[in-house]
1. Across region 119-147, what is the total count of residues that are aliphatic (A, V, I, L, M), away from the ligand (no atom under 16 Å from the Cβ) and not in a helix (DSSP H, G or I)?
2. Checking the condition outside the structural domain of A165 (by TED's automatic domain parsing) and part of a helix (DSSP H, G or I), which residue from D300, D365, D349 passes?
3. Considering only region 227-250, I want to know if a residue exists there that is among the basic types (K, R) and either away from the ligand (no atom under 16 Å from the Cβ) or in the same structural domain as N91 (by TED's automatic domain parsing) (or both).
4. Would you confirm, using the coordinates I've provided, whether E203 is more than 16 Å from the ligand (Cβ to nearest atom) and acidic (D, E)?
5. Given E41, E100, which one is at pLDDT 95 or above, over 26 Å from the mean Cα position of the chain (by Cα) and closer than 28 Å to N259 by Cα?
6. Filter region 262-284 down to residues that are at pLDDT 95 or above and among the charged types (D, E, K, R) and give me whichever is nearest to I236 (Cα to Cα).
7. Return yes or no: is S341 among the polar types (S, T, N, Q) and either surrounded by 15 or more Cβ atoms within 10 Å (Cβ to Cβ) or at pLDDT below 95 (or both)?
8. Do we find a residue being touching a strand residue (DSSP E or B) at 6+ places or on another chain (Cβ under 9 Å), surrounded by fewer than 22 Cβ atoms within 10 Å (Cβ to Cβ) and over 30 Å from A199 (Cα atoms) anywhere in region 351-363?
Amino acid sequence: MQKRVLITTGGGDCPGLNAVIRGIVKRASLERDWECIGSVEAYNGVLWEPQEIVRLDKKAVGGLHARGGTILRTTNKGGPFAWPIKGADGNWTTVDRSDELIRKLQIQGVEAVISIGGDGSQDISQRLFEKGLNIIGVPKTIDNDLLATDYTFGFQTATEIAADAVNKLVTTAESHNRTMILEVMGRYAGWIAIYAAIAGGAEICLIPEIPYDIGGVAEKIRARYDQGRGFVNIVIAEGAKPRGGEVVAQKAEEVGYQNLKLGGAGMRLMAELKEHGLDIDMRVSILGHLQRGGTPCAFDRVLATEFGVKAFELALEQKWGHMVALQGRRIVSVPIKDAISRYNLIELDSDIIRTARGLGMCLGD
Ligand code: F6P
């Protein structure tokens with residue numbers, strides 16, 4: 001009798017998801033008694049009527065290591081614990097379908113679930129594990145904000161894209177004597193911003209971990225112009241905020257979407273600088289979802305593949321409730337609950353902050 005492992009991808013997509021799927025399937029194919037299936041759009045494929053579950057064999061995952069997105073599709077709305085339903089009054093509420101999910105997985109003969117996702121998806125993994133599901137987690141996010149792993153796959157690719165954008169903005173800033181503001185993703189963590197700022201040679205980098213003093217930022221810009229260096233490049237994280245202020249965010253209107261939608265920090269910064277009397281040409285670019293699309297860089301392909309192979313091996317070892325992680329040069333396993341206990345933010349005494357300061361980069365404080 002074949003044992004079945006069900007693979008899901010949940011939350012926002014991220015370069016490298018397909019490489020994880022391929023790693024799991026290829027490793028599983030070395031075991032005679034295992035087969036892989038995938039649920040479309042996280043757990044929706046299991047919960048929908050009719051179900052959308054696909055068979056994943058070696059042929060189905062051929063060439064996937066280099067392909068962006070996820071062949072299983074994904075969602076960051078709802079989930080088995082908060083399934084949106086429309087009431088008779090037209091209003092949306094949620095119901096808990098987690099028990100039904102576990103029952104359906106038993107009927108499907110699913111021995112193990114491998115859930116590839118970020119903090120929201122791994123929170124669901126932990127809750128399903130506590131209900132008795134045999135589950136293994138694989139950390140995913142371009143934001144690199146998951147604890148217990150040195151890097152999540154997708155982060156390096158997003159950083160490459162952001163650094164490339166800084167490079168491009170530097171030449172146009174210089175040509176026009178302008179201050180260019182580049183807003184990058186990362187939610188409440190400044191990893192993409194600070195890596196892109198250092199890699200691209202920006203003079204100012206504003207991250208959520210250091211609320212900025214607008215006066216100090218304006219002063220840094222003025223000083224550069226006064227020295228005859230008539231252009232400045234600023235990288236700002238979408239989650240950056242001024243001292244005493246809040247992040248720029250909107251409540252999402254999409255049904256089942258629980259996160260705040262961050263965005264607008266760059267435009268706000270430009271307005272604040274103008275209010276502060278800076279009479280210079282400024283432009284804002286928002287990189288947005290370009291950071292999540294396209295083919296994963298080689299590092300992310302390798303990391304994602306290592307995570308996929310290890311995730312299946314954890315299933316063989318029955319290390320349920322654990323997540324694969326990169327620690328130093330080793331691929332290890334950690335309890336999912338440790339990984340989701342808090343965000344992995346940049347520590348103020350870390351080497352990356354020391355390096356940025358060592359370059360004379362203004363971090364807004
Ligand atoms: O968590 C990944 C991420 O890309 C964040 O950096 C960003 O704030 C958010 O997802 C965007 O989400 P959505 O794709 O739902 O707009």
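1. Total satisfying the criteria: 3.
2. Answer to the check: D300.
3. Yes.
4. In short, yes.
5. Being at pLDDT 95 or above, over 26 Å from the mean Cα position of the chain (by Cα) and closer than 28 Å to N259 by Cα holds for just one of E41, E100, which is E100.
6. For region 262-284, the residue satisfying everything is R268.
7. Against the criterion (among the polar types (S, T, N, Q) and either surrounded by 15 or more Cβ atoms within 10 Å (Cβ to Cβ) or at pLDDT below 95 (or both)), S341 qualifies.
8. No - not one qualifying residue is present in region 351-363.
The values are calculated or read from the model by the stated rules, or taken from the named source; none is laboratory data. Quantities reported herein were computed from a predicted structural model and do not represent experimental measurements. Ideal geometry is used to build each Cβ from the backbone, glycine not excepted, and the neighbour counts take in all protein chains shown.
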